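First the structure, in the form of structure tokens, and then the observations on it.
The values are calculated or read from the model by the stated rules, or taken from the named source; none is laboratory data. As the structure is a computational prediction, the values presented were derived from the model and not from experiment. Here Cβ is always computed from backbone atoms with ideal geometry, including for glycine, and neighbour counts include all displayed protein chains.
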Amino acid sequence: MCILFVYNGSYDADSDYSLIVATNRDEFYDRPSAELAPWKDNPNIIGGRGKIVAEFVKSKNEAASYVQEMKSYFEECNNFIFVAMDFGNTTPVINSFTNVTNSITTHTDPCLGFGNSLPDMPLKKVEAGLTKMHDICKGLNKISMKSKLLEELTALLKCNERHLPDAQLQERRPNLYEELSSIFVCVPEERYGTRAQTILLLTKTGHLEVHEISMKSPIDKIEPKWEKHKYQFDL
């Protein structure tokens, strides 16, 4: 039940940022998981695992061309949503593709939210988080406010407030929908929940910062230990 929020600051003339991303990765605690780190064979790429994203960042194709190239592989995959951000222009171009409908969408809204549902049918927690994400990024849009921005985005990703009722989530996961209805997920008895939180800040001058907090393995479900990682460079 991963969740992703994107603020396209290119539409905000007062913002020092062209892009702000905040995301949680939810997985079973015992599943092998790679930390966010530069790849050994390509240090210009920072990320974890996953073929769909890995092949995209290695390619030189824009999102639409990449989706067309990979469609036969996508047909073999479980349902997913792929969100891509292209920086070929001064304004980031944000696209999403899902193999549920085999359609790609170019998004022009300044603030976007994605979860484990079709983009046009968001879960309640995505709707609630989207409103908070917009307010945070709109109100703390100066580099001088970066510390407060990071603090507020981290609080958003750690929010365990349950957003109920959610008929869509209840229908899909009748036994766990309450536990899955919060932005930060924690289901100790299932050894499942939010394992990593990532924040990206890209300024309009091209400086990128990547902040990640991840659970240290092996994971203690009662008192997990968290590790911090930070990378920064100029595009």
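Kindly indicate the residue of region 183-235 that is among the polar types (S, T, N, Q) and either assigned to a strand (DSSP E or B) or touching a Phe, Trp or Tyr at 6+ places or on another chain (Cβ under 6 Å) (or both) and also surrounded by the most Cβ atoms within 10 Å (Cβ to Cβ) among those meeting that condition.
Filtering region 183-235 for residues that are among the polar types (S, T, N, Q) and either assigned to a strand (DSSP E or B) or touching a Phe, Trp or Tyr at 6+ places or on another chain (Cβ under 6 Å) (or both), the one surrounded by the most Cβ atoms within 10 Å (Cβ to Cβ) comes out as Thr194.
Note down all Cβ pairs under 6 Å where the first residue falls in region 107-131 and is in contact (Cβ under 8 Å) with a residue 40 or more places away in the chain, the second is in a helix (DSSP H, G or I) and aromatic (Phe, Trp, Tyr), and they're at least six residues apart or on different chains.
Filtered contacts from region 107-131: Pro110/Tyr11.
In region 141-182, what residues are of a type in the set (A, V, I, L, M, F, W, C), closer than 12 Å to Met1 by Cβ and outside any helix (DSSP H, G or I)?
Selection gives Leu176 alone.
Consider only pairs whose beta carbons are under 6 Å apart and that are at least six residues apart or on different chains; among these, list those whose first residue lies in region 155-166 and is under 15 Å from Val126 (Cβ atoms) and surrounded by 14 or more Cβ atoms within 10 Å (Cβ to Cβ) and whose second residue is among the basic types (Lys, Arg) and modelled with pLDDT of 95 or more.
Hits for this filter: Leu156/Lys132; His163/Lys124; His163/Lys125; Asp166/Lys124.
Take region 71-85 and flag every residue that is crowded, with 16+ Cβ neighbours inside 10 Å and either among the small types (Gly, Ala, Ser) or touching a helix residue (DSSP H, G or I) at 6+ places or on another chain (Cβ under 7 Å) (or both).
Listed by number, the residues that qualify are Phe82, Ala84.
Hey, among the residues in region 5-48 that are among the polar types (S, T, N, Q) and over 25 Å from Lys204 (Cβ atoms), which one's surrounded by the most Cβ atoms within 10 Å (Cβ to Cβ)?
Applying the filter and picking the extreme gives Asn24.
Quick check: is even one residue across region 60-67 touching a residue at least 12 places away in the same chain (Cβ under 8 Å), assigned to a helix (DSSP H, G or I) and among the small types (Gly, Ala, Ser)? Can you show your working first?
Initial filter on region 60-67 (touching a residue at least 12 places away in the same chain (Cβ under 8 Å)): 62-64, 66-67.
Cutting the leftovers down to assigned to a helix (DSSP H, G or I) gives us 63-64, 66-67.
Remaining after also requiring among the small types (Gly, Ala, Ser): 63-64.
Among the residues of region 60-67, at least one is touching a residue at least 12 places away in the same chain (Cβ under 8 Å), assigned to a helix (DSSP H, G or I) and among the small types (Gly, Ala, Ser), which makes the answer yes.
Inspect all residues belonging to region 173-182 and state whether any of them is within 16 Å of the chain's Cα centre (by Cα), closer than 21 Å to Met133 by Cα, buried (at least 19 other Cβ atoms within 10 Å of the Cβ) and not hydroxyl-bearing (Ser, Thr, Tyr).
Checking region 173-182: not a single residue is within 16 Å of the chain's Cα centre (by Cα), closer than 21 Å to Met133 by Cα, buried (at least 19 other Cβ atoms within 10 Å of the Cβ) and not hydroxyl-bearing (Ser, Thr, Tyr).
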